[in-house]
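Please read the structure below before turning to the comments.
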Amino acid sequence: MRECEVDGVSIAYEVTGEGEPVVLVCGCGQPAIAWQLEQVPALTAAGYQVVTFDNRGVAPSSSPPAPYSIDDMVRDTLGLIDHLGLGPVRIAGYSMGGWVAETMAIRHSDRVRGAVFIGSCNVATAWEKAITTVERDLARAGHDLPPLFFATETLRYLPNHELQDDTVVDTWLALIGDQEPWPNPGRLGQYEACLAWSNDLERTRAWPSISVPCLVLSFEHDVDSPPARAREAAATIPGARFVEIPGASHLGVFTHGQAVAAALVDFFTSL
């Protein structure tokens with residue numbers, strides 16, 4: 001793990017493999033190491049150099065005082081790309097990271113060779129705005145909640161039929177049930193960034209202006225970015241591809257990692 005400083009914020013990153021660069025941007029609260037399970041091995045095997053990093057607010061990157069914004073995280077991403085001396089990059093972002101990739105494609109198209117928006121490209125649903133408001137308010141209150149609360153916050157993203165399967169739930173709880181709670185100010189900062197983005201409809205009006213090749217990658221059971229809304233968004237982006245991964249929920253990057261990796265490799269090699 002290496003570090004670089006961008007406007008006073010320390011960004012922890014890793015570079016794996018050799019070839020043309022791919023930058024993977026994490027979702028809200030996601031540790032960058034999660035990309036190493038499926039996506040990084042598949043992309044490096046396909047001949048790419050892969051850059052992964054922890055967004056501000058997630059250790060070991062620094063957690064400056066809240067609030068954060070998606071624009072802050074775009075600047076962090078651009079600063080890291082500049083630090084590494086990379087030219088135009090292929091970029092993929094998951095959930096909140098998809099909003100970073102989307103903003104890059106709109107405002108910094110000269111820095112982007114192609115972009116993938118994973119579980120992220122849609123007009124925000126009432127559910128998404130409500131649950132993010134709750135998460136923001138809990139973080140703002142600063143209460144010490146038990147680790148099981150945060151584990152169940154993650155599990156809510158599973159499809160309903162999996163939540164009714166005790167083996168599935170018990171397996172997930174064994175993996176994440178005793179993790180340390182995500183501390184402030186990073187938790188508050190990222191949730192504030194997510195809520196501001198979800199309530200900003202102006203961003204959706206910029207989709208038709210995107211000029212770089214894009215893939216909108218959706219999951220069948222995603223409650224935050226429902227495939228119907230993701231498909232509608234993709235239809236407004238000139239030339240964008242749309243792919244829906246069956247059986248997956250918003251956690252599809254982890255539960256269906258091979259399918260996500262295959263979609264990334266297929267799209268990036270077509271550019």
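The values are calculated or read from the model by the stated rules, or taken from the named source; none is laboratory data. Here the structure is a predicted model, which is why all the values come from computation and not from measurement. We place every Cβ from the backbone using ideal geometry, glycine too, and count neighbours over all the protein chains shown. All accessible areas refer to the heavy atoms of the entire protein, side chains included, with ligands and DNA or RNA removed. Shrake-Rupley method; radii C 1.70, N 1.55, O 1.52, S 1.80 Å.
Per-structure values
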| item | result |
| --- | --- |
| Alpha-carbon centroids, region 179-206 and region 1-53: separation in whole Å | 21 |
| Heavy-atom surface of region 12-155, accessible at 1.4 Å and reported per residue (Å²) | 36 |
| Nitroxide proxy distance, nm - points 7 Å out along Cα→Cβ at Thr204 and Leu84 | 3.2 |
| 222 nm mean residue ellipticity, helices alone, for the chain (DSSP H n ≥ 4; -39,500 (n - 2.57); rounded to 500) | -12500 deg cm²/dmol |
| Contour minus Cα-Cα distance for Arg75 and Thr125 (0.36 nm per residue) | 15.3 nm |
| Of Tyr13, His221, Met104, farthest towards positive along the dipole that unit charges on Lys, Arg, Asp, Glu beta carbons give the chain | Met104 |
| Cα-centre dipole for the chain with unit charges at Cβ (Lys and Arg positive, Asp and Glu negative), debye to 20 | 760 |
| Region 219-267-region 109-166 distance, computed between alpha-carbon centres (Å) | 16 |
| Cβ charges +1 (Lys, Arg) and -1 (Asp, Glu), total dipole of region 163-221, debye | 480 |
| Relative contact order of the chain, defined on C-alpha pairs under 8 angstrom at six or more residues apart (%) | 22 |
| 10 Å Cβ shell holding at most 15 others, DSSP loop, GluC sites (Glu not before Pro): longest site-free stretch of the chain | 19-219 |
| Dipole of region 1-141 [Lys/Arg +1, Asp/Glu -1 at C-beta], most positive-end residue of Val25, Tyr48, Ala59 | Val25 |
| Accessible-area composition of the chain, carbon plus sulfur, in percent [1.4 Å probe] | 53 |
| Label-zone membership for region 236-271, site Glu20, 7 angstrom Cα→C-beta point, backbone N under 15 Å | 264-271 |
| Shape parameters for region 57-168, alpha-carbon atoms, Rg then Dmax in Å | 17.1, 49 |
| Shape category assigned to region 21-76 from the gyration tensor of Cα positions, a/c cut at 1.5 | prolate |
| Where region 157-221 is the region considered: accessible area per residue in Å², 1.4 Å probe | 52 |
| Tensor-based shape of the chain (alpha-carbon gyration tensor, a/c under 1.5 rounded, otherwise prolate or oblate) | rounded |
